[in-house]
1. Students often get this wrong: which residues of the stretch 129-172 have the backbone nitrogen under 14 Å from the point 7 angstrom along Cα-to-C-beta of THR189?
2. If the chain between THR96 and ALA46 were fully stretched, how many nm would it gain, using 0.36 nm times the residue separation less the Cα-Cα distance?
3. When a/c is below 1.5 the answer is rounded, else prolate if a/b is larger than b/c, else oblate, so apply that to the stretch 27-144 with a ≥ b ≥ c taken from the square roots of the Cα gyration tensor eigenvalues.
4. Could you work out the relative contact order of the stretch 93-136, using alpha carbon pairs under 8 angstrom and six or more residues apart, expressed as a whole percent?
5. ALA102's amide H: which non-local residues (gap 5+, or another chain) put their own amide H closer than 5 Å, with H modeled 1.01 Å from N in plane and none for Pro or chain starts?
6. Starting from the amide H of VAL202, placed 1.01 Å from N in the peptide plane, find each other amide H under 5 Å away whose residue is 5 or more places distant or on another chain.
7. Determine the relative contact order of the stretch 90-206: mean sequence separation of Cα pairs under 8 Å and six or more apart, normalised by residue count, in whole percent.
8. With unit charges on the beta carbon (Lys/Arg positive, Asp/Glu negative), name the residue among GLY57, VAL104, SER179 whose Cα is farthest towards the positive pole of the charge dipole of the chain.
Amino acid sequence: WMVHSFPTRRSSDLPVAGYFINQADGFEGRTAFDSVTSLTADQITAELAAEPDAPTGVIGKVVSDYEWYLACVVPLTDSGLLRVGATPELVLPFVTDTAIPAEVVAVNRDGDNMAVVFRCSYMSSELSSIRQEPVQIRLESYEGLRVPSRCVTNVDGQQGVYIVSGDSAAFRKIEILYSDPDYVICKVTSESGYLRLYDDLVTNGK
């Protein structure tokens, strides 16, 4: 649930600088900008299901500030790393490919759920008009070689993979930085005997 500072524009208003959106969605002012950090999970859920107000006499709105908030409901079991002061990146996959830097400014427990509020200072024309969007929360990032989990094996206590070397297979060690059911991220190293970029992984066969 996106919360912007949205002055509405009528023909008699004085000029306001910012991103102009030539429509209003009817949710302007429903969530007070200065009290967004007190939102609960129930309040966010209610707003997501609510019908918009019918705007009257409004020709559009202006996003006049780069600061905005994103509030979402997160299950309590998934909220361990979402603490006030944390600085994850947010990705809105259906809006922009740009990762948006954010800060967690509120974590409000509500039963089995948490209302998590992020403050963002990055603005664009795409972000200026959104209200409800799926969001990916990137808590940490890893850089390395991505390897399918099914390729990882253990030889004499050392994790590694097999690669194609000439007309045979050769074992290459790996140092795992992050693991997922489908893939692992391995450290890039020039040390002898370790997997390197452009090695051909053995993915099937014996």
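The values are calculated or read from the model by the stated rules, or taken from the named source; none is laboratory data. From a predicted model like this one, the values you see are computed outputs, not experimental measurements. Methodologically, a virtual Cβ is constructed for each residue, glycine included, from the backbone with ideal geometry; neighbour enumeration extends over all protein chains shown. Heavy atoms of the whole protein, side chains included, go into the accessibility calculation; ligands, DNA and RNA do not. Shrake-Rupley method; radii C 1.70, N 1.55, O 1.52, S 1.80 Å.
1. Those under the cut-off are 145, 158-161, 172.
2. Working: separation 50, 0.36 × 50 = 18.00 nm, distance 2.63 nm.
Length gained between THR96 and ALA46: 15.4 nm.
3. Numbers: a/c = 1.97, a/b = 1.27, b/c = 1.56.
Verdict is oblate for the stretch 27-144.
4. Details: 40 pairs, mean separation 18.1, N = 44.
Value for the stretch 93-136: 41 percent.
5. Distant-sequence amide H within range of ALA102: LEU90.
6. Those qualifying (amide H under 5 Å, at least 5 residues apart or on another chain) are TYR162, ILE163, VAL164.
7. Details: 176 pairs, mean separation 23.3, N = 117.
20 percent.
8. SER179
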